[in-house]
1. Looking at (1) surrounded by fewer than 19 Cβ atoms within 10 Å (Cβ to Cβ); (2) in a helix (DSSP H, G or I); (3) aliphatic (A, V, I, L, M); (4) under 16 Å from the mean Cα position of the chain (by Cα), which one does L106 not meet, given that it meets all the others?
2. Going by the structure shown, is D98 within 20 Å of F152 (Cα to Cα) and in contact with a Pro (Cβ under 9 Å, 6 or more places away or on another chain)?
3. Being acidic (D, E) and at pLDDT below 90 narrows it down to one of E130, E104, so name that one.
4. Take H67 and decide whether it is assigned to a helix (DSSP H, G or I) and farther than 18 Å from G3 by Cα.
5. Which of the residues spanning segment 30-55 are surrounded by 20 or more Cβ atoms within 10 Å (Cβ to Cβ) and part of a helix (DSSP H, G or I)?
6. Kindly list, by first and then second residue, each pair from a residue in segment 47-73 that is farther than 17 Å from A141 by Cα and in the same structural domain as E10 (by TED's automatic domain parsing) to a residue that is surrounded by fewer than 24 Cβ atoms within 10 Å (Cβ to Cβ) and of a type in the set (G, A, S), limited to pairs with Cβ atoms under 6 Å and residues at least 6 apart or on different chains.
Amino acid sequence: MKGVLFNVVEDVVDDTLPAGTWDGALELAACHGAYTSLGDYPDAELAGIVASVSSLTGLDRAEVLRHAGRHGFSRLADRHPELLEGVDDLDGLLRRLDDVIHPEVLKLYPQAQPPSFRVDGDGAGTWAVEYSSRRGLCHLAEGLIMGAGDHFGTPVEVHQTSCTQRGDDRCVLQVSRS
């Protein structure tokens, strides 16, 4: 997993959760914590950090990932504004993830393995987003979508109608304007 994601999660934890949570999570997870944005790190390290943040805060794993995604979207946008060039709204972002944004991510981080998304929308503020990734970070994707909605001034609600972590064959996020 790319270090930029670790950096964003660290920023969110440091800025929005009780002081010392990040350092405590690193200690509890037995992780070194020196993540560079261009570095590659084992997926298990982020999973361990998330589990440790959960333990320290009382939030469950899904809540930690949603929180990191929602508050991390603006940080990702600040770090890589070029990824949002030509994107004017949430619908444009969702529809461009796989054909424009993720190929740009791969230019920046050639070793990255971004998730894939299939998006169907009705044009009136409702989308079905199919998430696919070997990492199983669909709750992070939920939070990132909510953060993108906040960024574009389009608050949304996200509900998973199916999830591989519940035994379903795929993850589908129902997104609607709130």
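1. Condition (4) is where L106 drops out.
2. In short, yes.
3. Sole residue among the options that is acidic (D, E) and at pLDDT below 90: E104.
4. On the way: assigned to a helix (DSSP H, G or I): yes; farther than 18 Å from G3 by Cα: yes.
Yes; evaluated as a whole, the condition is true for this residue.
5. Across segment 30-55, the qualifying residues are L46, I49, V50, S52, V53.
6. That search, which allows pairs on different chains as well, returns G48/A29; I49/A29; S52/A29; L56/G24.
The values are calculated or read from the model by the stated rules, or taken from the named source; none is laboratory data. Here the structure is a predicted model, which is why all the values come from computation and not from measurement. No Cβ is skipped: glycine too gets one built from the backbone with ideal geometry, and neighbour counts run over all protein chains shown.
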